[in-house]
Amino acid sequence: MDMRQGLPVSPGIAIGEVFLLEAEGVRIPEHFIAPEHALAEAERLGKALDEAAQELRKLAEQVRAKSGSKIGEIFVAHAGMLEDESFRKELVERVTQKYYTAEFAVARTMRHWRKVFQEDAFLAARVADLDDLERRLLRSLLGQKREELSTLQREVIVVAHDLSPSQIATVDTGHVKAFATDAGGPTSHTAIIASAMGLPAVVGLGTITNDVSGGDLLIVDGSQGLVIIEPDAETLERYQARRNESMETGRVLLRKFKDLPTETRDGRHVGLFANIESPKDISRALEYGAEGIGLYRTEFLFLGRKTPPTERDHLEAYVEAVRQLGDRPIIIRTLDLGADKFALDTPVVKEGNPFLGMRSLRYCLSHPDLLVVQLRAILKASALGNVKVMFPLVSSLEELQRAKRVLAEIQEDFSRNGLQYDPDMEVGAMIEVPSAAVCADSLARHCDFFSVGTNDLIQYSLAVDRANEHVAHLYRPEHPAVLRLIKMASDAARRASIPVGLCGEMASVLTYTALLVGLGINSLSVAPPQVLPEIKKAIRSLKF
Ligand code: PEP
Ligand code: MG
């Protein structure tokens, strides 16, 4: 049994088999063979090694013929490794002496060599070559039996270095129980997506992909940020009991609080909403008692697409959301593309500091076609339900006014052409850049509500990359500077008589509930929605 501490980013306990992504990209279904099958298995392994080496030599020839370059040498070196006597012996002995399947022998041997390479300053740069070889061998051994993230046959815990948006797009959500990754900070996209899916997740584990093999038994404790590898019987039992207990407590809390109002003991209402990435997330949000949607991250419409969504694509998503919500409100945030979110097909200039560059509202204002298409769809949806629009990453009054002008022009166009829309649709600004918090009083005069985005506000005020595990210890929601900025936004909103919500991950952490209510925040928008009953319980126990 082994234990690793990472960053807790999505609560809950999951117990299951490792699906090791990236190093192998596939799952190994069987680990052991009967001793009488060892020789045949060793032969199968030998054949796969020969075939892979031959393939690599052919590839080297092709590359050389095509480009005459030295790149071919890389494949020759890979082939050489597969033909190396001692390497082959190590692999085969795992089959003939330990009775591993050929696939499991490959995974274990590569894991051993990865560790050796990583500890050597010169060889560390070649770890990717080992990953490549491993993938090649496993693909050849598994052939048709290959199982990938999109076609899982049973429940697994996904272990990866990091999850790219496109990998996440292929996740078979019915079969993934949790995530554990080497990289990622407290509000990286892996963290956000895991909580939107309501799955436990631990990120920033450093070396988890080297510490486990596909098929290992794993416990992911997303509340404590712990990952336990191959737990012993007693630990397993303890965690099974804790998991069942917390599920039961969750059910009891939900039953007890779902239909009660979210009010402090002295009668101050605090709105409780959920964050979503797609209308698919709405039913779960409502099930846990959300009053509506406090943040719809529409950039997820870009996931898995080669071209930007059309007005009709946007509209379909918004109409579906409104259909599910009835009269309940939904805040649709305009596209927040760039930085750690989604790359576009039409690449923006290469930037040294993407978090300070062409992301979010700035990107949309310099690509008005994108913004217009989206705002037209939002406006059309406003005729059908309780829709509000919100602009992200506002850093100055001028920016907010420019965005509002684009909206006003579309409204005029709709009126001229007799298209239906809600002329009183509320327009909000996210307060997630320190300048916006400091100038909140001037922004407040020009919008109908604020929503504090602490994920970005923390990173920009403390100069801590939200997605970087190496500085995660400096990412502190309770830092006095962050609290003062939240208070500035909240005070400005109160003075202008507009509501102020908070939709960063901080809203979902029970430790901060009393603090945020005390700072005058009117509503919290959370993910995953499972935390709603607990937060409601806390609010009902407070006096404002
Ligand atoms: C935030 O920054 O707090 C926020 C809610 O937006 P996102 O996490 O999508 O950047
Ligand atoms: Mg943000």
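The values are calculated or read from the model by the stated rules, or taken from the named source; none is laboratory data. Since the structure is predicted, the reported quantities are computational estimates derived from the model, not experimental observations. When we count neighbours, we look across all protein chains shown, and the Cβ atoms used for this are built from the backbone with ideal geometry, even at glycine. We work out accessible area using only protein heavy atoms, side chains counted, and drop any ligands, DNA or RNA first. Shrake-Rupley method; radii C 1.70, N 1.55, O 1.52, S 1.80 Å.
Per residue, the accessible area of the stretch 88-147 comes to 50 Å², computed with a 1.4 Å probe over protein heavy atoms only. When you restrict to C-alpha pairs under 8 Å that are six or more residues apart and normalise by the size of the chain, the relative contact order lands at 16 percent.
Nearest 0.05, what FRET efficiency do GLU93 and LEU356 give at R0 = 30 Å with Cβ-Cβ as r? Efficiency for this residue pair is about 0.05. Rg over Rh for the chain works out to 1.03, both radii taken from alpha-carbon positions and Rh defined as the Kirkwood radius.
Computed on the stretch 351-427, with alpha-carbon pairs under 8 angstrom and 6+ residues apart, the relative contact order is 37 percent. Of the DSSP H helices in the chain, those with a Cα length along their own long axis of 15 Å or more and a mean Kyte-Doolittle hydropathy reaching 0.0 comprise 71-83, 127-142, 368-382, 480-495.
Could you tell me which of the pairs LYS258/LYS280; LYS177/LYS543; LYS89/LYS177; LYS280/LYS388; LYS388/LYS487; LYS89/LYS115 are separated by over 26 angstrom between their Cα atoms in the structure shown? Violating the 26 Å limit, Cα to Cα: LYS177/LYS543; LYS89/LYS177.
Peptide packing for 41-53, 178-190 was compared via the average number of neighbouring C-beta atoms within 10 Å per residue; ordered from the highest value, the list is 178-190, 41-53.
Highest mean first, the peptides 73-85, 522-534 sorted by other C-beta atoms within 10 Å per residue fall in the order 522-534, 73-85.
Residues whose amide H lies under 5 Å from that of SER10, counting only those 5 or more places away or on a different chain, are ALA201; hydrogens are built 1.01 Å from N in the peptide plane. In the chain, helical runs assigned H by DSSP with n ≥ 4 each contribute -39500 (n - 2.57); averaged across all residues and rounded to the nearest 500, the mean residue ellipticity at 222 nm is -14000 deg cm²/dmol. DSSP finds beta bridges in the chain, and of those with both partners inside it, around 35 percent are antiparallel.
Amide H contacts of ILE276: LEU295, TYR296, ARG297, each under 5 Å away and 5 or more positions distant or on a separate chain (H built 1.01 Å from N in the peptide plane; Pro and chain starts excluded). Here the average projected area of the convex hull drawn through the C-alpha atoms of the stretch 69-221 stands at 10.9 nm².
For the stretch 186-311, place one equal point scatterer on every Cα, skip the solvent, and apply the Debye formula. What is log10 of I(q)/I(0) at q = 0.17, 0.22 Å⁻¹? The Cα Debye sum returns log10 ratios of -1.11, -1.31. Heavy atoms only, probe 1.4 Å: what % of the accessible area of the chain goes to carbon and sulfur, would you let me know? Of all accessible area on the chain, carbon and sulfur atoms account for 52 percent. Packing-based ranking of 369-379, 191-201 yields 191-201, 369-379, ordered from highest to lowest mean Cβ neighbour count within 10 Å. The residues of the stretch 270-326 expose, per residue, 39 Å² of accessible area to a 1.4 Å probe.
Cross-link partners of LYS58 among lysines, defined as those whose alpha carbon lies under 16 angstrom from its own and excluding same-chain residues fewer than eight positions apart: LYS66, LYS70.
Here the stretch 398-453 and the stretch 468-544 have alpha carbon centers that stand 23 Å from each other.
With a Förster radius of 60 Å applied to the beta-carbon distance between ARG265 and ALA65, the computed FRET efficiency rounds to 0.15. With contacts taken as Cα pairs under 8 Å at a separation of at least 6 residues, the stretch 418-544 carries a relative contact order of 23 percent.
Rg/Rh for the stretch 303-449 (Cα atoms only, Rh after Kirkwood) is 0.96. Computed over the alpha-carbon pairs of the stretch 432-497, the distance histogram in 5 Å steps reads 4, 20, 28, 20, 13, 9, 5, 2, 0 percent, short to long.
Gain on full extension, evaluated as 0.36 nm per residue between ARG495 and THR310 minus their Cα-Cα distance, stands at 62.7 nm. Partner lysines whose Cα lies under 17 Å from the Cα of LYS341, excluding those fewer than 8 positions away in the same chain, are identified as LYS306, LYS350.
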